Amino acid sequence: MSPLARLALRAYPPSFRARYGGELAALVEEMPASARTTADLFGGALRAWVRPTFNGPDGKRLRLQATVSTTWIAWCAAFLIVPALNKALLDPAGPDTVAAVRGLMDAASVLLCLGWVIALLGLCLIVARVLLPALRSQATRVLVPLIPAIILAVVVAVGFLALTLIRPEGAQHPPGLFGALTAWLLALVAFLGCLGVGPTVSLRRLDAGISTLRAPVFLGAGLAFVLTAMCGCSVIAVFLGRDAALLGSVTPVIIVALVAVIASVIALVSSANGLKAVYQK
């Protein structure tokens, strides 16, 4: 089995891996390694996250838990669209920048703040109702998944401060600036990945009950709508702005916008499934 195939298997939701992971891994081992097989595995992982199947007596709780986790991961993957496009469109603003672009990005910034308020409120509910009581008996097991995000947060913060202190001499950039910026961007991407995955693994280990997960599911639905509106404002601003660029290229802008749109769609679908599960008897 190729390393990419192993990565694709790990990308499946925990509930899927617990039930079908062994059988799927054995099937992949028997098949000849190919790019098509790996692509199918990644596609299956995406479908399993968007439309997971939960059966058995614990199915409803797992459905709610998956909705909370998926919405949080989608938010972590997409929220940087606002600061990224603010930089691309308005710092500095091009000569063709229209007032509508500024208005859309201002609206997106407000939605970004609102989204973080909703996300942090849901986090506080889970911490107060489940995490704090669980720390007395299983602190290490619950907190270990959060350690990479904490370490990378320090690295990203220190790197950001170091980059802001660099002063170019005239038109010349200091040697090594491009390498330092690339390393910082890679650390930022790794941090966002750990920020999204770490809390979801901790939530799974906490085994939060249905009554505890109901409120975060409703908050997650609100977060999904905020994320969608935020992405909509940002993408429209890109179409109206004719000179959007990051690092001197339009390609990063397209990548950021595409990731945010996909994440918002996944969050909406997962939230709809979670709300449906809440009202099921």
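The values are calculated or read from the model by the stated rules, or taken from the named source; none is laboratory data. Note that this is a predicted model, so its numbers are computed, not measured. No Cβ is skipped: glycine too gets one built from the backbone with ideal geometry, and neighbour counts run over all protein chains shown. For the accessible areas, the whole protein counts, side chains as well, though only heavy atoms, and no ligand, DNA or RNA atoms are used. Shrake-Rupley method; radii C 1.70, N 1.55, O 1.52, S 1.80 Å.
Can you find a residue in the stretch 230-244 that is open to solvent by 30 Å² or more (accessible area, probe 1.4 Å) and not in a helix (DSSP H, G or I)?
yes
Any residue at all in the stretch 261-270 that's polar (S, T, N, Q), surrounded by 16 or more Cβ atoms within 10 Å (Cβ to Cβ) and under 22 Å from A11 (Cβ atoms)?
So the first thing to find is which residues in the stretch 261-270 are polar (S, T, N, Q), and the list is 264, 270.
If we keep only those that are surrounded by 16 or more Cβ atoms within 10 Å (Cβ to Cβ) as well, we get 264, 270.
Next cut, under 22 Å from A11 (Cβ atoms) only: 264, 270.
So far as the stretch 261-270 goes, yes, one or more of its residues are polar (S, T, N, Q), surrounded by 16 or more Cβ atoms within 10 Å (Cβ to Cβ) and under 22 Å from A11 (Cβ atoms).
Does A119 count as within 20 Å of G222 (Cβ to Cβ) and either in contact (Cβ under 8 Å) with a residue 12 or more places away in the chain or of a type in the set (G, A, S) (or both)?
Values: within 20 Å of G222 (Cβ to Cβ): yes; either in contact (Cβ under 8 Å) with a residue 12 or more places away in the chain or of a type in the set (G, A, S) (or both): yes.
For A119, the condition - within 20 Å of G222 (Cβ to Cβ) and either in contact (Cβ under 8 Å) with a residue 12 or more places away in the chain or of a type in the set (G, A, S) (or both) - is met.
Is it fair to say L181 is in a helix (DSSP H, G or I) and within 16 Å of the chain's Cα centre (by Cα)? Please lay out each step first, then the result.
Working: in a helix (DSSP H, G or I): yes; within 16 Å of the chain's Cα centre (by Cα): no.
No: the conditions fail for L181.
Only one residue in V278, V197 is open to solvent by less than 40 Å² (accessible area, probe 1.4 Å) and in contact (Cβ under 8 Å) with a residue 24 or more places away in the chain. Which one?
Step by step, each of V278, V197 is checked, and only V278 is open to solvent by less than 40 Å² (accessible area, probe 1.4 Å) and in contact (Cβ under 8 Å) with a residue 24 or more places away in the chain.
I'm checking my understanding of the structure. Among residues of the stretch 42-81 that are over 18 Å from the mean Cα position of the chain (by Cα) and small (G, A, S), which one is nearest to A25 (Cα to Cα)?
G44
Which members of the stretch 96-116 meet the condition of being hydrophobic (A, V, I, L, M, F, W, C) and either loosely packed, with under 14 Cβ neighbours inside 10 Å or farther than 12 Å from L223 by Cβ (or both)?
Just the residues of the stretch 96-116 that are hydrophobic (A, V, I, L, M, F, W, C), to begin with: 98-101, 104-105, 107-108, 110-114, 116.
Passing the criteria: V98, A99, A100, V101, L104, M105, A107, A108, V110, C113.
Can you tell me which residue among V98, V68, V82 is more than 30 Å from L240 (Cβ to Cβ) and either at pLDDT below 85 or of a type outside the set (G, A, S) (or both)?
Numbers: V98 fails: more than 30 Å from L240 (Cβ to Cβ); V82 fails: more than 30 Å from L240 (Cβ to Cβ).
Exactly one residue qualifies, and that residue is V68.
Taking the criterion of being buried (at least 17 other Cβ atoms within 10 Å of the Cβ) and either of a type in the set (V, I, T) or modelled with pLDDT of 90 or more (or both), would at least one residue in the stretch 245-257 satisfy it?
yes
Taking the stretch 55-84 as the search range and keeping residues that are without any contact (Cβ under 8 Å) to a residue 40 or more places away in the chain and open to solvent by 20 Å² or more (accessible area, probe 1.4 Å), which one is farthest from T200 (Cα to Cα)?
First, pick out the residues of the stretch 55-84 that are without any contact (Cβ under 8 Å) to a residue 40 or more places away in the chain: 55-59, 83.
Still in the running and open to solvent by 20 Å² or more (accessible area, probe 1.4 Å): 55-58, 83.
Details: N55: 20, G56: 21, P57: 21, D58: 18, P83: 25 Å.
Top of the filtered list is P83.
From the residues in the stretch 130-168 that are touching a residue at least 24 places away in the same chain (Cβ under 8 Å) and more than 24 Å from the chain's Cα centre (by Cα), which one is surrounded by the fewest Cβ atoms within 10 Å (Cβ to Cβ)?
Applying the filter and picking the extreme gives Q138.
Mind listing just one residue for me: the one in the stretch 12-31 that is in a helix (DSSP H, G or I) and under 18 Å from L62 (Cβ atoms) and, of those, least open to solvent (accessible area, probe 1.4 Å)? Talk me through it step by step, then tell me what you get.
The initial filter retains those residues of the stretch 12-31 that are in a helix (DSSP H, G or I), namely 14-30.
Pick out the ones that are also under 18 Å from L62 (Cβ atoms) and you get 14-21.
On the way: P14: 38, S15: 40, F16: 60, R17: 98, A18: 81, R19: 136, Y20: 89, G21: 21 Å².
The selected residue is G21.
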